[in-house]
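In what follows, a structure is listed as structure tokens, so that the remarks can point back to it.
Values quoted throughout were computed directly from the atomic coordinates according to the rules given, and no laboratory measurement underlies them. All values reported here derive from a predicted model rather than from experimental measurement. A quick note on method: Cβ atoms are made from the backbone with ideal geometry, for glycine too, and the neighbour counts reach across all protein chains shown.
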Protein chains: 2
Amino acid sequence: MSERRVLVTGASGFIGRRTLGPLLERGFEVHAASRTGGAAGTPADVAWHAADLLDASERRALVEAVGASHLLHLAWYAEPGAFWTSPVNARWVAATIGLFDEFAAAGGARAVGAGTCAEYDWDSPQPLREDAPLAPHTLYGICKDATRRVVEGFGERAGIEVAWGRVFLLYGPGEDERRLVANVARSLVAGKRAATSAGTQLRDFLHVEDVARAFAALTDSSLLGAVNIASGEAVTVRFIVEQLGHAAGHPELLDLGALPTRPGEPPEITADVSRLRDELALTPQIALGDGLAQTVRWLRDQPRVS
Amino acid sequence: MSERRVLVTGASGFIGRRTLGPLLERGFEVHAASRTGGAAGTPADVAWHAADLLDASERRALVEAVGASHLLHLAWYAEPGAFWTSPVNARWVAATIGLFDEFAAAGGARAVGAGTCAEYDWDSPQPLREDAPLAPHTLYGICKDATRRVVEGFGERAGIEVAWGRVFLLYGPGEDERRLVANVARSLVAGKRAATSAGTQLRDFLHVEDVARAFAALTDSSLLGAVNIASGEAVTVRFIVEQLGHAAGHPELLDLGALPTRPGEPPEITADVSRLRDELALTPQIALGDGLAQTVRWLRDQPRVS
């Protein structure tokens, strides 16, 4: 087995396809898995594999065929809106545990999973450190949290290193347009009114390329346990939306406060990024204003589909 | 589908085989599953199925073939000693989540899982109520705890009732002889010295038939969430061992304190049994002294294998 062969799952996803370049740069032989076995615009020297990870036999065959030393597992159910509460989350718990088990059995050494800020108790003091209380309010958060508990305990006993990148909010070109930044930006670029809530809540946004770089670095490290992947900066959603209005040249299309704030919406979700900064030596490469402007430009350059 | 058809997994196990009678008495059509598809000494009017639940396709086929309204899931990795730390625990998390998912998809209505006192933070004030802090110290406890988190959240979203019986210590005829009560009793019956620790720790012991009755009652109820299955009485391990010495007629064979107390052994693990008593109207039918004497008699009547 190559000592530096990584299997990336969810490799055609919003984050996944941006991890492939950074992993190649770090000297990994990169094997990318997705349901269809490919993604446009990704580096040429990646070996693609098609596999449905919810199918135990396809999953096992993939793991055995690749024989990776490292696993970066990003695949999960991610349908915007639905993913918070869908029972399908439970299938991904089982598939993830199965994957880590099979990876260890096949001689793997280090596995990195993708967690979420939704694992934390959002009522805790901010910013949220990795050892802050966990109290997920959603099935998605419950399932990610439970998965981490199992794979960490499993890793200790099965002799593989396990790390867990907890992603906060993210944005960037190619984001699903049902998600906040892409949704507002799309309206503005189309010259349509963008109705949002008042946007007083504080959130921690990181450009998807910085998120992907962080996952590549975490894979290429010996850190164990949870590591927040975020900017560490709290900004209001209002600020994000106004930046998009400015970048699109249409601040007058913004209608902040036209939508009600969702009940139970926490006032702040911000990461403490000490581990990312001090132990992985990573800071955001893309400033928020630049990243949002880039996202607007990208959308403007896309052919309109509808 | 019958409105009262129950699928019992782990049905040939120490607890499982004793749930079949109580479930029949409660009017269930009883389908029992085990790897071999049978167990000696169980009621005749039970339909047995052979299935390896760690095999996703065998598991799915079982669930679909039975079409149960109720699921009592007792199967898990239970090799004495090894089960605390074995990575195989993680497979049972995945299999259990898969089973609950497939049961819901096949039209099931109510599922009961088997938890453990090892889910709790043993340093909490005793007795442990179901809402006591959870902080499993072992991979077994971590995996049971994580499974409950997922299946409870899943049940809420998938529209099935989910309950979780947390078993404390248990004993009775047929227990694996690597476990405390059976081990000491076997030595005494064989006329051999029984070396134990000083046995000052307080524990909550319940006869396996009472445990099985509680699982049958929980299955036949509409209770949700965790329910302790225990006696609610704290007794010292020393008391248990002395009762066995008395029942065997060989108190002089006991050598209490010959073995060291294991490091980290908690001074007390006792259940608060309010839910079991008040919501399921259950109290132990077999007093501890009687149950221990019965266990000794049973062992004495067994042909010696080694």
Check your understanding: For residue B:64 and residue A:224, what does the FRET efficiency come to when R0 = 41 Å and r is the distance between their Cβ atoms, rounded to the nearest 0.05?
Key -> 0.50
Practice item. Would you mind calculating the relative contact order of segment A:94-166 from Cα pairs under 8 angstrom and at least 6 residues apart, reporting the percent as a whole number? Key: 44 percent
Study note, to complete from the structure: When chain A is treated as a Gaussian network with springs between alpha carbons less than 10 Å apart, the largest mean-square fluctuation among A:79, A:242, A:152 is found at A:79
**Study point:** Mean separation of Cα contacts under 8 Å, 6 or more apart, over the residue count of segment B:30-75: relative contact order %
**Key:** 31 percent
Practice item. Compute the length gained on full extension between residue B:79 and residue B:262: take 0.36 nm times their separation in residues and subtract their Cα-Cα distance, giving the result in nm to one decimal. Key: 63.9 nm
Study note, to complete from the structure: For segment A:200-208, in residue order, the Karplus 3J(HN,Hα) values (coefficients 6.51, -1.76, 1.60; θ = phi - 60°; whole Hz; Gly and Pro = x) are 7, 5, 8, 9, 10, 9, 9, 5, 4
Exercise for review: Scan around residue B:202 for amide H atoms under 5 Å from its own, H built in the peptide plane at 1.01 Å from N, and keep only partners 5 or more places away or cross-chain.
Suggested key: B:268, B:269
Review point. Efficiency by 1/(1 + (r/R0)^6): what FRET value for residue B:40 and residue A:50, r their Cβ-Cβ distance, R0 = 60 Å, to the nearest 0.05?
Key: 0.80
**Study point:** Per-bin percent of Cα-Cα distances, segment B:33-183 [10 Å]
**Key:** 10, 35, 38, 16, 1
Study note, to complete from the structure: For the protein assembly as shown, percent of DSSP beta bridges that are antiparallel (nearest 5) comes out at 5 percent
Review point. Once the Cα atoms of segment A:167-287 are picked out, what are the Rg and Dmax in Å?
Key: 15.8, 49
Point to revise | CD proxy at 222 nm, helix term only [per DSSP H run n ≥ 4: -39500 (n - 2.57); per residue of chain A; nearest 500] | key: -11000 deg cm²/dmol
Review point. Rounded to a whole number, what is D in µm²/s for chain B from Stokes-Einstein with the Kirkwood radius over alpha-carbon pairs (37 °C, 0.692 mPa s)?
Key: 166 µm²/s
Revision key, fill the gap. If each K or R counts +1 and each D or E counts -1, the residues other than residue B:105 whose Cβ falls under 11 Å of its Cβ total -1
**Study point:** Compactness index (Cα Rg / 2.2 N^0.38 Å), segment A:184-236
**Key:** 1.62
Check your understanding: Any idea what the dipole of chain A comes to, in debye rounded to 20, about its Cα centre with Lys/Arg Cβ at +1 and Asp/Glu Cβ at -1?
Key -> 660 debye
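Among DSSP beta bridges whose residues both lie in chain A, state the antiparallel percentage, nearest 5.
On the way: 3 of 41 bridges.
In chain A, DSSP labels about 5 percent of beta bridges as antiparallel.
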Review point. Given q = 0.08 Å⁻¹, what are the Debye log10 I(q)/I(0) values for the protein assembly as shown, with equal point scatterers placed on the Cα positions and solvent ignored?
Key: -0.64
Practice item. Return the long-range amide H neighbours of residue A:5 (sequence gap of 5 or more, or a different chain), with a cut-off of under 5 Å between placed amide H atoms. Key: A:29, A:69, A:70
Exercise for review: Tell me the label-point distance for the pair residue B:278, residue A:26, using the 7 Å Cα-to-Cβ offset, in nm and rounded to one decimal.
Suggested key: 5.3 nm
Practice item. For segment A:266-280, just list the computed ³J(HN,Hα) in residue order, Karplus coefficients 6.51, -1.76 and 1.60, θ = phi - 60°, integers in Hz, with x standing in for Gly and Pro. Key: x, x, 8, 9, 10, 8, 7, 10, 4, 5, 4, 6, 8, 9, 10
Study note, to complete from the structure: Nearest-0.05 FRET efficiency for residue A:123 and residue B:246 at R0 = 51 Å, using Cβ-Cβ distance, is 0.40
Review point. Lys/Arg Cβ at +1, Asp/Glu Cβ at -1, dipole of segment A:100-155 taken about the Cα centre: which of A:146, A:108, A:120 is farthest positive-ward?
Key: A:108
Review point. Taking Cα pairs under 8 Å and at least six residues apart, what relative contact order does chain B come out at, in percent?
Key: 18 percent
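Once you have the Kirkwood Rh of segment B:59-110 from its Cα pairs, apply Stokes-Einstein at 20 °C and 1.002 mPa s and quote D in µm²/s.
Values: Rh = 12.0 Å.
Taking Rh from Cα pairs, D becomes 179 µm²/s.
Looking at segment A:109-210, which trypsin sites (Lys or Arg not before Pro) are in a loop (DSSP not H, G, I, E or B) and have at most 13 other Cβ atoms within 10 Å?
Passing sites in segment A:109-210 are A:178, A:192, A:193.
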Review point. Between segment B:108-158 and segment B:220-243, what is the C-alpha centre distance in whole Å?
Key: 16 Å
Review point. If you place +1 on the Cβ of every Lys and Arg and -1 on the Cβ of every Asp and Glu, how big does the dipole about the Cα centre of the protein assembly as shown come out, in debye to the nearest 20?
Key: 740 debye
Practice item. For the protein assembly as shown, build the charge dipole from Cβ charges (+1 Lys, Arg; -1 Asp, Glu) around the Cα centre, then report which of A:225, A:65, A:274 sits farthest towards its positive end. Key: A:65
Revision key, fill the gap. Here segment A:100-117 yields Karplus 3J(HN,Hα) values (6.51, -1.76, 1.60; θ = phi - 60°; whole Hz; Gly and Pro given as x) of 5, 4, 5, 4, 5, 5, 7, x, x, 10, 8, 10, 10, x, 10, x, 7, 4
Check your understanding: With charges only on Cβ, +1 for K and R and -1 for D and E, what is the dipole size of segment A:113-251 about its Cα centre, in debye, rounded to 20?
Key -> 540 debye
